[in-house]
Amino acid sequence: MKRTRSESLFQTAQQYIPGGVNSPVRAFKAVGGNPLFIVKGKGARITDADGNEFIDYVASWGPLIFGHAHPQIVEAVSTQAQLGTSFGAPTELEIELAQKVAEAVPSIETVRLVSSGTEATLSALRLARGFTGRDKIVKFEGCYHGHSDSLLVKAGSGVLSLGLPDCPGIVNDLAKKTLTLPYNDINAVEELFSSLGKEIACLIVEPIAGNMGVVPPQPGFLEVLRKVTARSGTLLIFDEVITGFRVAFGGAQKLYGVSPDLTCLGKIIGGGLPVGAYGGKKEIMDHIAPTGAVYQAGTLSGNPLAVTAGIEMLNLLSQPGVYDDLEKKSERLCHGFKENVKQAGVTATFTRVGSMFSMFFTDQEIVSFESVKTSDTHLFKRYFNAMLEEGIYIAPSQFEAGFMSAVHTDEDIDATLAAQGRALKKARG
Ligand SMILES: *Cc1c(COP(=O)(O)O)cnc(C)c1O
């Protein structure tokens, strides 16, 4: 495969951009080689600067559940662009997106729009601390909640793939307020809350972990989180930046029937443009300025272009049958992966919830950060590169989710399975 143009762009990029990328996970550090520069995407496929085409399972790391350049989204964004791209004043579009989100997500009554997932989680955290008057927070090992100081502790894939230790630049006294527990460990949660519960402002969790590869919640885990936080007056925050509108229209809380106090959203609700959001009960959300004293703001928050894309995305997702179709296609793909793995005589463990899935090169049951870390990352590296050669674009790390979109066709899936069979044999050696 020719990569000369991407190689040369990467050389230039490194002169002007740290590491040549604007987000570290794009750098291919964990898999060797250099990142591909992408020039266009259409449906389930992307094309790089050398003209190579790939079937895409990264989906911009989750947002593109209707693929690249969906005509309905493109048209809405172009129309809005002609009317103006930003006003710094309220628009009716913001009401429409907020209303759609509030109607879809069970625990959300009111919602504040921001411009990224990171902003959503850091704002929700500040609100929780302001609302409860407490400092301590709890998160789980391997869960990623954006890169804000309080949350960048034991934070999963990006940090894990690069092998970085705890991040320099984060004030120690602040990091100390972040307590971490093993994902899915009910006993550890109950123990911590029975001693310190009354000092904890919030517990934040990915209801389906998606940033150490996909790690589904064990039965009862989310219910216990709900129970112990309610008992201690601690706010339960679901970070549904990946899972919101991915696993169901209304997110993981709809799927599992557990209702958090606050919910963070991002990725899909921007339809491929920068949108994040956090919401919950009006009574809690009203502590945010201008009604309350907890300050949070944004020049481009609720930006009309981004909000328009989000509205169209939710319109597309609310058509009947979308999630059933995603489920069927994802099931077929992962079933085929399993068959290929058997055929190739490779050891792997699969996880999947709806259209988010992972294949870990380990024989361990996948329940936590400890278990995903047993994966054979050398084998993954060879597998990733063999897949790329075959024209299949997956995330360049063992510790990331794969994403199916509504526009992957049966032919795309067949082609992926044939390619994956060959790639596995090559990687196995
Ligand atoms: C991607 C992600 C974030 C951060 O969102 P950004 O838009 O990258 O800032 C936060 N939480 C989860 C669960 C995510 O997957």
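The values are calculated or read from the model by the stated rules, or taken from the named source; none is laboratory data. Since we're looking at a predicted model, the values are computed, not measured. Backbone-built Cβ (ideal geometry, glycine too); neighbour counts: all protein chains shown. Accessible surface areas use protein heavy atoms only, side chains included; no ligands, DNA or RNA. Shrake-Rupley method; radii C 1.70, N 1.55, O 1.52, S 1.80 Å.
A simple count of charges around Gly133, restricted to other residues whose Cβ falls under 12 Å of its Cβ and scoring Lys, Arg +1 and Asp, Glu -1, yields +2. Just checking the listed ones, Val25, Val171, Val258: in the Gaussian network model of the chain with Cα springs under 10 Å, the one fluctuating most is Val171. A simple count of charges around Lys426, restricted to other residues whose Cβ falls under 10 Å of its Cβ and scoring Lys, Arg +1 and Asp, Glu -1, yields +2. The distance linking segment 339-393 with segment 231-308 is 31 Å (Cα centroid to Cα centroid, whole angstrom). Sorting 356-365, 57-66, 313-322 by average packing, meaning the other beta carbons within 10 Å per residue, from highest down gives 57-66, 356-365, 313-322.
Screening the chain for whole DSSP H helices of 30 Å or more along their axis (Cα) with average Kyte-Doolittle hydropathy at least 0.0 returns none. The stretch between Ala415 and Ala293, if pulled fully straight at 0.36 nm per residue, gains 38.4 nm over its current Cα-Cα span.
Averaged per residue, what accessible surface does the chain expose to a 1.4 Å probe, in Å²?
Result: 42 Å² per residue.
On the basis of the beta-carbon distance and an R0 of 45 Å, Ala69 and Gln11 show a calculated FRET efficiency of 0.95.
Summing +1 for each Lys or Arg and -1 for each Asp or Glu, what net charge is found among the other residues whose Cβ lies under 14 Å from the Cβ of Val205? Neighbourhood net charge equals -3. In terms of packing, defined here as the mean over residues of other Cβ atoms within 10 angstrom, the peptides 26-38, 270-282 line up highest first as 270-282, 26-38. Considering every alpha-carbon pair of segment 71-317, the percent of pairs per 10 Å bin, from zero through the bin containing the longest distance, is 8, 33, 36, 19, 5, 0. Amide H contacts under 5 Å for Asp239: Val205, Glu206, Cys264, restricted to partners 5 or more places along the chain or on a different chain, H placed in the peptide plane at 1.01 Å from N. Subtracting the Cα-Cα distance of Asp149 and Val322 from 0.36 nm times their residue separation leaves 58.6 nm of extension gain. Where both bridge residues fall in segment 71-317, DSSP classifies roughly 40% of the beta bridges as antiparallel.
When the solvent-accessible area of the chain is split by element, carbon and sulfur atoms take up 53 percent of it, the probe being 1.4 Å. Take every Cα pair under 8 Å whose residues are at least 6 apart in sequence, average their separation, divide by the length of the chain, and the relative contact order is 22 percent. Of all DSSP beta bridges confined to the chain, the antiparallel ones make up roughly 60%.
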